[in-house]
1. Filter segment 197-212 down to residues that are touching a residue at least 24 places away in the same chain (Cβ under 8 Å), assigned to a loop (DSSP other than H, G, I, E, B) and surrounded by fewer than 16 Cβ atoms within 10 Å (Cβ to Cβ), then give me how many there are.
2. Being modelled with pLDDT under 90 and more than 30 Å from residue 37 (Cα to Cα) narrows it down to one of 147, 127, 172, so name that one.
3. So, residue 112, is that one out of contact with any helix residue (DSSP H, G or I) (no Cβ under 6 Å at 6 or more places or on another chain), surrounded by fewer than 17 Cβ atoms within 10 Å (Cβ to Cβ) and in a loop (DSSP other than H, G, I, E, B) or not?
4. From 62, 48, which residue is touching a strand residue (DSSP E or B) at 6+ places or on another chain (Cβ under 7 Å), under 19 Å from residue 195 (Cβ atoms) and modelled with pLDDT of 90 or more?
5. Of the conditions (1) over 24 Å from residue 101 (Cβ atoms); (2) over 24 Å from the mean Cα position of the chain (by Cα), residue 189 satisfies every one except a single condition; which number is it?
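The values are calculated or read from the model by the stated rules, or taken from the named source; none is laboratory data. The shown structure was predicted, so the numbers you read here are calculated from the model rather than taken from an experiment. For neighbour counting, all protein chains shown are included, and Cβ atoms are generated from backbone atoms with ideal geometry for every residue, glycine included.
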């Protein structure tokens, strides 16, 4: 009987230890949840709108569930209190899952995971960090960006110069980011969003909504501009052919025709067959 009581006492003690361990583990997770955290946006379009409204740059993390270093940054770097407070105060944080948004990965020219970007409201990439960044490294790199308004202005000017020298520093979208579906079906020049984009003929095309993108993908040739968007009036009149402006587009015979300026658009409207017969 004594041995039985002893066995029960041992089992009871082991159970208490196990319960204590589970409780402690739960408290650890609870503590992590209750600690300050970053409210990551997941919509690129809304993040850019918020950045414009609040005059803040967007801090973008491009991540993937299968990427080990990405998960390390999530658990370590982006959980560091200094990094959290700095990002919350000075940036609009945006998280992009590479598997869910391959079009954004392509648009941002991402070739390594994780990649962290600082993007200005005009879509200029101000800074690009490839690979794992420790909390100390990221914090010390971000701090000068937001230290003062004067430094921020100087950084924006430098990024504009860099964009002119190196085109890879800017996100490139076909037809200046205008939605081809809106141009044809609504006869309106409306900017699309990188959140709703698709690849076609080597270009990344942005759309107003997921519905617009799906309509395009169902029949891309229907929405694709005549002559790949080149200005036919310029070509017909002996000028160097160049890309038309989506804001100078005309819908005719169920297709979209783009022109380099308002005068050439008017001349086409007056005599479309004259220019079409030269195709």
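1. Selection size over segment 197-212: 1.
2. Working: 147 fails: more than 30 Å from residue 37 (Cα to Cα); 127 fails: more than 30 Å from residue 37 (Cα to Cα).
Matching residue, one of 147, 127, 172: 172.
3. Considered against the rule, which asks whether it is out of contact with any helix residue (DSSP H, G or I) (no Cβ under 6 Å at 6 or more places or on another chain), surrounded by fewer than 17 Cβ atoms within 10 Å (Cβ to Cβ) and in a loop (DSSP other than H, G, I, E, B), residue 112 comes out as yes.
4. Working: 48 fails: modelled with pLDDT of 90 or more.
So the residue among 62, 48 that is touching a strand residue (DSSP E or B) at 6+ places or on another chain (Cβ under 7 Å), under 19 Å from residue 195 (Cβ atoms) and modelled with pLDDT of 90 or more is 62.
5. (2)
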